[in-house]
Amino acid sequence: MTTTQTRYYLPKKAIKSDCPQCSPRYRKTLSRFVDRDTNDVLPEPFGRCDRESNCGYYLNPYHKGPSGLSYADEQKEPPLPKEWFKIAAKWKRQGVTADSIEATLVKMQGATPEQAERIKKYIFSQPTYPTLPTLPPPIYSLPDEVMTQSLGHYERNEFARFLSGRFGYEVATDLLQRFRVGTSNRWPGACVFWLVDDQNRVRGGQIALYDQTGHKVKYADKEGNRRACISSVRAALKWKYRDVTPPDWLTAFPDDAETWPVVFGLPQLQTAPVDMPIAIVEGPKTAIVCSQLLPGFIWLAVGGKSYLKAERLAALRGRKIMLYPDLNAYDDWQKRADKLTAEGFAVTVSDVLERLATDEDREQGLDLADFLLREPNTITAFSEMLPGQKVRLDESKIEHLAVTTTDDCPVELDAQNDPETSPTLKTMNYFEWQRQHPAFSKLGLSSIRNHHQSI
């Protein structure tokens, strides 16, 4: 007696992924089908949910679709890339229509119309189950006072001094307040870029130490590698409370909670015109500098090249968005922009840096702010290449500060650093600096002698 084995089966050692029906509330509950001939896992919709009584999701590759054919029948034809099924299933969960998915597969993935229609049929031929109520993902935030107690103290904030040196203290005041930049005790002279969402909740923050040239200060880790002085607010707070019981709001954050859940600079949307276009860059410093030099945009920062995702840009739906990637990131951001466009965002990627950059610029990985702060001929070039955007730089208002600088800090991938490691920052005594530059004290901020509980 012989036993005929089916080609597609559920292995005893289950291969797990998220169930299309009960995720994200429940994770890794879908047991996936496997192709016995190739050992490949079938596309995402095919599987059985472990929550049989409560969810009941089950899609068998032998299930007949509206066309009368099953996935197994279709695979007798030339196989289609699994990635196409995966992408189409994701778009369906995000609410993209069947026709739009079909058209996008042809345009972005290179599928033929016949192939795209085959995928559409199977993705939308899943059996219908009662929709279970799903809870929105939890939102973690910090108390407002944690942010507000750090706002100010700019007389000992190196980034504030950099802005004042470039634009004068009045402009520096406006920029620091508009973007809610704080001061941190994490390192002497460090600043805090607070992440506030569109509902004014403090979702996190980044602590960074800059020198007077506007570059991040570096330190050598235990292995001798050069790293930027940068840390998340949550990591700094956990280090601060390492020997005492932390407050409940801090312990509420799980270890895997995102440190950069929203874009930087969102509070500007509350006062800016609704039709004012959005410009997005990678770093907070770049957004702040560009908001002064290119005032025709609302400038925001995503915090990292890979952070450019739909869930972080949710508050920007319906607005025109221009992306300004750093050098060497154009191709990556163009791919991400294509995905954002497919998800309903109005996104364009600027290649202005690619057109202006030299080989040396590319090697350094410069960003838009680096270009705008260079010699006047570069600024003129930007004025010509950005129709309708007037580059604003009033040399008469710049207050050049006589301060020493740190070592040159090349641009590189930022990384969390060892909290026990402190960099050496070359600068004059803060009190001496204040005496020499009384104008900056007009920011109306407390003295360094006031030991405020900043981060």
(Q) Can you give me the solvent accessible area of H215 with a 1.4 Å probe, rounded to the nearest 10 Å²? (A) 50 Å²
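Holding the Cα-Cα limit at 31 Å, pick out from K240/K320; K121/K339; K16/K121; K92/K216; K107/K305; K121/K309 the pairs that are longer than that.
K240/K320; K92/K216
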Q. How large is ³J(HN,Hα) for each residue in region 344-351, as worked out from phi by the Karplus curve 6.51 cos²θ - 1.76 cosθ + 1.60 (θ = phi - 60°), to whole Hz, x for Gly and Pro?
A. x, 8, 8, 10, 10, 10, 7, 10
Q. How long is region 1-120 along each principal axis, judged by its Cα atoms, biggest number first, in Å?
A. 46, 40, 24
Q) When you take every Cα atom in region 54-112, what is the radius of gyration, and what is Dmax, the widest Cα pair distance, in Å? A) 12.9, 39
Q. How would R336, R234, R36 rank on accessible area, largest to smallest, probe 1.4 Å?
A. R36, R336, R234
Q.
Keeping every protein chain present and rolling a 1.4 Å probe, give me the accessible area per residue for region 3-62 in Å².
A. 57 Å²
Q. From the backbone phi of region 259-270, what are the Karplus-calculated ³J(HN,Hα) couplings (6.51 cos²θ - 1.76 cosθ + 1.60, θ = phi - 60°) in whole Hz, Gly and Pro given as x?
A. 8, 9, x, 9, 6, 7, x, 4, x, 4, 5, 6
Q. How do Y8, Y307 rank by accessible surface area computed with a 1.4 Å probe, from largest to smallest?
A. Y307, Y8
**Q.** Ranking by accessible area, most exposed first, for T251, T213 with a 1.4 Å probe
**A.** T251, T213
Q | region 177-222, accessible surface, carbon-and-sulfur percent (1.4 angstrom probe) | A | 42 percent
Q: Could you state the accessible area per residue of region 172-237 in Å², with a 1.4 Å probe and every protein chain left in place?
A: 31 Å²
(Q) Explain nothing, just compute: Karplus ³J(HN,Hα) = 6.51 cos²θ - 1.76 cosθ + 1.60, θ = phi - 60°, for every residue of region 273-279 in order, whole Hz, x for Gly and Pro. (A) x, 5, 9, 6, x, 9, 10
(Q) Filter K86/K335; K64/K120; K13/K120; K90/K335 down to the pairs with a C-alpha to C-alpha distance above 21 Å, please. (A) K13/K120
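The values are calculated or read from the model by the stated rules, or taken from the named source; none is laboratory data. Just so you know, these numbers come straight off a predicted model, no measurement behind them. Just so you know, the surface numbers come from the protein's heavy atoms only, side chains and all, with ligands and any DNA or RNA stripped out. Shrake-Rupley method; radii C 1.70, N 1.55, O 1.52, S 1.80 Å.
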